[in-house]
Structure formats: structure tokens, C-alpha cells
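Below: the structure, in C-alpha cells.
The values are calculated or read from the model by the stated rules, or taken from the named source; none is laboratory data. Note that the structure is a prediction, hence the values are computed from the model and not measured. Methodologically, a virtual Cβ is constructed for each residue, glycine included, from the backbone with ideal geometry; neighbour enumeration extends over all protein chains shown. Please note that ligands, DNA and RNA were not included when accessible areas were found on the heavy atoms of the full protein model with its side chains. Shrake-Rupley method; radii C 1.70, N 1.55, O 1.52, S 1.80 Å.
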Amino acid sequence: MKITVGVEGLVDRVRSKDAVCGVVGLGYVGLPLAYELARAGYRVLGFDISERTVRQVNGGESHIRDVSSAALAEVVGPSGLEATTDMSRLAECDTISICVPTPLSKTRDPDVSYVASAASAIAAALRAGQLVVLESTTYPGTTRDLVLPLLERSGLKVGVDFYLCFSPERVDPGNPTWHTVNTPKVIGGITPACLEAGRALYSQVIERVVPVSSTEAAELTKLLENTFRSINIALVNEMAQVADRLGVDVWEVIDAAATKPFGFMKFVPGPGIGGHCIPLDPYYLVWKMKTLDYKTRMVELAGEINAEMPRFVVNKVQDGLNRHRRSVSGSRILVLGVAYKRDIDDIRESPALDVVRLLAERGAELRYHDPYVPVLEEDGVRRTSVELTDEELAAADCVVITTDHSVIDYERVVRLARLVVDTRNATRGLEGGDVVGLGGHGVEAGSGAAAPTLAAAGS
Ligand SMILES: NC(=O)c1ccc[n+]([C@@H]2O[C@H](COP(=O)([O-])OP(=O)(O)OC[C@H]3O[C@@H](n4cnc5c(N)ncnc54)[C@H](O)[C@@H]3O)[C@@H](O)[C@H]2O)c1
């Protein structure tokens with residue numbers, strides 16, 4: 001006979017901290033969540049298919065910068081966080097949060113195979129009274145149309161025997177202010193009982209939980225947030241190109257616009273978009289809407305504009321070198337920063353990789369420095385980060401600032417480099433040097449090697 005456990009029993013176990021919490025996928029999202037659950041007093045089982053990750057976590061060694069090894073070591077142990085590759089142990093968990101990757105295929109279609117495989121593993125161990133929460137970013141309908149049928153193959157019924165929610169992760173790696181605990185968390189359940197169970201869990205570790213009426217609403221909330229960013233970044237990236245042609249400093253314009261106390265939100269241009277979210281997530285929506293015979297025009301256009309930015313940067317390098325009577329081919333170019341944003345080590349979808357590839361294709365003698373990325377393996381080529389010595393800076397025909405890591409001394413870069421292409425406004429306010437920004441640097445065509453005004457001196 002099937003045993004049915006009411007939601008009250010689960011909520012009680014969660015509130016009394018007797019519940020065992022499972023986290024599937026111990027990456028940028030899963031490890032901080034597992035850590036916070038353990039810190040809140042739960043016994044936590046972390047599941048990963050990577051033996052290496054499991055070994056590292058159990059050894060108190062963190063591979064995610066947002067959780068220090070010292071902090072992780074404090075919660076690792078049989079009564080705190082324990083990592084495993086043994087998926088049959090999912091049966092030990094009262095709650096299971098799924099934090100596996102949701103990449104795109106080569107044709108830019110959603111690849112939900114990791115979610116499907118995690119859900120199948122959970123289905124094989126599913127028992128009455130468990131809560132399952134999908135956190136991976138995905139298209140609206142994934143929780144109900146993909147995960148739910150896999151779980152119900154067990155013969156158990158959602159909302160009665162087990163509970164299923166979607167709650168998008170909003171982690172912003174490297175953000176010193178907003179982290180797992182103080183970032184409000186949206187959650188939607190398949191049934192009201194599912195939502196109740198999900199709210200009970202997350203309100204133990206997250207300061208504010210925001211319930212919505214369905215899993216689809218929660219899924220679309222995440223896509224709205226990231227599409228909003230993609231479109232606004234595309235707008236300022238286009239504005240950089242507009243300002244460039246007008247000979248206006250785009251950074252000055254953005255800072256001036258940002259003094260408006262209402263109706264404007266500041267976004268800044270750059271070499272393109274990177275990371276596991278902004279370049280990918282909007283295509284989950286594009287794909288879903290295609291199945292409903294709707295073309296998401298703004299979303300796709302924003303993706304195109306952002307994807308073209310590395311070429312714009314390379315054109316800036318080419319123009320700058322021309323003024324020095326040099327070609328890209330044969331020039332020694334130092335790329336400064338390959339991570340997709342400041343002060344992190346994540347290179348996924350980093351626009352700097354496109355800049356590196358495009359310059360290498362044009363015959364540049366390419367070198368890079370990134371304090372957080374010692375080795376870069378792309379397109380079968382292995383490069384190692386060079387030391388940022390005075391000699392290295394002086395020997396480069398051009399230094400391209402693609403990531404504005406805060407540990408870099410940009411005054412030294414500007415002073416020693418012959419030519420700097422600054423895509424991040426990192427050299428703002430610095431005097432001297434030949435610095436080219438992304439928008440309106442004020443060099444007249446054919447004006448020789450005269451130093452242009454600092455585009456980056458916007459603020
Ligand atoms: N990284 C971010 O900043 C961020 C922010 C918000 C949302 N997200 C979303 O969160 C999800 C996870 O992203 P991430 O950056 O943490 O990914 P990640 O690659 O850092 O981590 C995923 C982990 O899942 C493991 N894994 C893969 N398949 C598995 C399986 N079947 N069972 C168990 N473990 C498995 C991998 O080995 C890896 O350790 C994605 O959907 C992503 O879009 C990421």
C-alpha cells in the first residue's frame with residue numbers, strides 16, 4: 001500500500017531542522033545553496049556527477065569563489081554537508097534542489113538533458129513526503145511538462161505524495177552585497193501544497209521568499225530578468241557605436257543620463273556579454289515562443305547586437321594600430337582580462353574569448369593576463385597568463401582591456417603601454433597615454449599617432 005505523507009509533516013521537519021536537504025549539482029549555484037543550508041543547521045547531501053567536485057567538497061576545498069574553503073570546511077562533515085556521486089542516496093533527502101546546467105545546443109536550442117537526467121535519478125529514488133525544486137534557468141513549462149512526468153513515473157502523485165516547485169536562482173557571482181541569503185527568491189508550485197512546502201524550506205535560509213501562482217510564472221520571471229539585462233546592455237552597446245560615430249563620449253552621456261532620478265536605469269557598454277546566464281537564457285524564451293508561433297523580435301535583436309561587440313572591439317584595435325602605422329597581423333597584443341566580468345574566474349561565454357580568437361585569426365601575436373585565469377584553453381590552443389610586468393606592458397603594440405579586474409593598476413597600464421583599447425572605461429580619469437575607448441574617442445581619421453582624448457574619462 002502507498003504511504004501518503006501530508007505537507008504538514010514535511011513543513012514540520014523543515015522548520016525543526018530535522019529535514020535532510022539534498023542539492024543536485026554543486027556548481028556556482030548549488031554549492032552556495034548547500035553551504036547556506038548546512039550553515040542554517042540542516043544535514044545536507046550534495047550530489048554531483050563529477051568525482052573531482054565531490055572529492056574537493058568533502059575535503060573542504062571550494063571551487064567556487066563565493067564560498068571560501070575556510071567557510072566550507074566548517075560545515076563539511078556527517079552532520080553538516082556531505083557530497084556524493086551516489087544518486088541512490090537521494091532517497092535519504094526530504095528536500096531536493098536541482099541546480100544543474102542548462103546550456104544551449106550548437107543551434108541555440110535549449111539543452112535540458114542535464115535537468116532530465118537529474119529528474120530521472122530523483123524519480124528512481126522518489127519516496128512519499130519529498131519536496132523537489134528545480135532551480136536551473138529554463139523555458140516556461142519545463143517543470144510541469146518535463147520534470148513532473150518523469151517524477152510521476154514513480155507512481156507517486158504530485159501535491160499529494162510529493163511536492164514540486166520551480167524557484168529560479170539569482171546568484172550574481174562576485175557581488176559583495178547581494179548573495180544567496182539576502183537576495184529575494186521567487187517560487188512557484190505545481191499545487192498550493194507544493195508552494196507551501198517550497199516556501200517553508202527557502203524561508204529558513206533566505207530573508208525574503210516571493211511566492212507566485214505557478215511554476216510557469218516563476219520560470220518566466222527569471223527569463224524576464226535576464227532578457228531585461230540583455231536588451232538594456234544591447235541598447236547601451238548600440239549607443240556606444242552611435243556615440244563613436246558622433247564623436248561623443250558615451251560614458252559621459254550615460255553618467256549624465258543617470259542623474260535623472262526616475263525612469264532611467266544605468267547600464268554600461270562593453271566588449272559583449274558573458275557568463276552562463278545573459279547570453280543563453282533569452283534563447284530559452286526564443287525557442288519556447290517559436291513553438292507557440294511567436295517571434296521574440298526584441299530579444300533576438302539584442303542578442304545580435306551584443307554578439308557583434310567583439311568585432312567592434314577588434315575594429316578599434318585595428319584603427320588604433322593603423323595610427324601607429326602597424327597592422328594587426330604581426331603586432332604583439334596583450335589582452336587584459338579574459339573572465340566575463342570583473343573580479344571573477346568564470347570564462348564561460350566571455351566576450352574576451354571572441355576578441356582573442358578574432359585577433360589571433362588576423363595574425364596577431366597574442367598574449368593575455370588574467371589574475372584569476374592562469375590557463376586558457378580555447379579552440380585547441382592552450383595559453384597561459386603572462387605576468388603583468390613593466391616590460392610586458394611596454395613590449396605590447398596594443399593592450400586591450402577586456403575585463404576590468406580591480407587588482408590591476410590601470411595608471412601603470414596607461415603610463416607604459418603604447419596603445420590601450422579600453423572596453424570597460426577602466427582608465428577613466430587617468431592622464432596621458434594613447435587610450436581608445438568604445439565610444440567617441442575623438443580621433444580624426446588620418447590624424448596620425450596623436451594621442452586621442454580619453455573616451456574612458458567619462459566619469
Ligand atoms: N552561474 C550563475 O551565475 C547562475 C546564476 C543564476 C542561475 N544560474 C542557473 O543555475 C543553473 C546551474 O548553473 P551553475 O552556474 O551553477 O552551473 P555549474 O556548471 O557551475 O554547476 C553545475 C554542476 O552540476 C553538475 N551536474 C551536471 N549534471 C548533473 C547531474 N545529472 N546530477 C548531478 N550533478 C550534475 C556538474 O558537474 C556541475 O558541478 C543553470 O541553469 C544556470 O543557468 C546560474
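Before moving on, here are some points about what is shown:
- In sequence order, calculated HN-Hα J values of segment 256-271 (Karplus, 6.51, -1.76, 1.60; Hz; x Gly/Pro): 5, 4, 6, 7, 5, x, 8, x, 9, 10, 6, 10, 10, x, x, x
- Database remark: amide H of Leu131 closer than 5 angstrom to the amide H of Thr95, Ile96, Tyr163 (H placed geometrically; neighbours at sequence offset of 5 or more, or on other chains; Pro and chain starts carry no H).
- Under a 5 Å amide H cut-off, with hydrogens placed 1.01 Å from N, Val436 pairs with Val420, Val421, Asp422 among residues at least 5 apart or on other chains.
- Antiparallel %, DSSP beta bridges [both residues in the chain], to 5: 15 percent
- Two-decimal log10 I(q)/I(0) for the chain, as the Debye equation yields it once each C-alpha is a single scatterer, q = 0.06, 0.12 Å⁻¹: -0.31, -1.03
- The accessible surface of segment 74-176, taken with every protein chain in place and a 1.4 Å probe, is 52 percent carbon and sulfur.
- The antiparallel fraction among DSSP beta bridges confined to segment 1-153 stands at about 5%.
- With the alpha-carbon atoms of segment 141-191 aligned to their principal axes, the span from lowest to highest coordinate is 45, 18, 16 Å, starting with the largest.
- Ranked packing of 185-197, 283-295, most packed first, by mean Cβ within 10 Å: 185-197, 283-295
- Three-way shape label, segment 87-141, alpha-carbon gyration tensor, a/c 1.5: prolate
- For segment 233-306, with all protein chains in place and a probe radius of 1.4 Å, 63% of the accessible heavy-atom surface sits on carbon or sulfur.
- Taking every protein chain into account, the accessible area of the chain amounts to 44 square angstrom per residue (probe 1.4 Å).
- Whole-angstrom gap from segment 255-287 to segment 334-354, using each part's C-alpha centre: 17 Å
- Under 5 Å, built H, 5+ apart or other chain: amide partners of Phe267: none
- About the centre of its Cα atoms, the chain shows a dipole size close to 620 debye [charges on the beta carbon of Lys, Arg (+1) and Asp, Glu (-1) only; nearest 20 debye].
- Gyration tensor verdict on segment 47-143 (Cα atoms; rounded if a/c is under 1.5, prolate if a/b is larger than b/c, oblate otherwise): oblate
- Two-site FRET efficiency, Lys157 against Leu235, from Cβ-Cβ distance with R₀ of 51 Å, rounded to 0.05: 0.65
- Nonpolar atom fraction for segment 308-412, defined as the carbon and sulfur part of the 1.4 Å probe accessible area, stands at 41 percent.
- Probe 1.4 Å, all protein chains present, accessible-area order of Asp345, Asp94, largest first: Asp345, Asp94
- Taking the Cα centre of segment 310-396 as origin and assigning +1 to Lys and Arg Cβ atoms and -1 to Asp and Glu Cβ atoms, the resulting dipole is close to 520 debye.
- Residue-wise HN-Hα coupling along segment 206-219, computed from phi with Karplus coefficients 6.51, -1.76, 1.60 (Hz; x: Gly, Pro): 10, 4, 9, 10, 10, x, 10, 7, 7, 5, 5, 5, 5, 5
- Rounded, prolate or oblate (a/c below 1.5 giving rounded, otherwise prolate when a/b exceeds b/c) for segment 173-283 by Cα gyration tensor: prolate
- Packing, taken as the mean count of other beta carbons within 10 Å per residue, orders the peptides 313-322, 297-306 from highest to lowest as 313-322, 297-306.
- Report note on the peptides 175-182, 352-359, 152-159: ranked by the mean count of other C-beta atoms within 10 Å, highest first, their order is 352-359, 152-159, 175-182.
- 3J(HN,Hα) along segment 223-230, derived from phi through the Karplus expression 6.51 cos²θ - 1.76 cosθ + 1.60 where θ = phi - 60°, amounts to 5, 4, 4, 7, 5, 4, 5, 4 Hz, with x in place of Gly and Pro.
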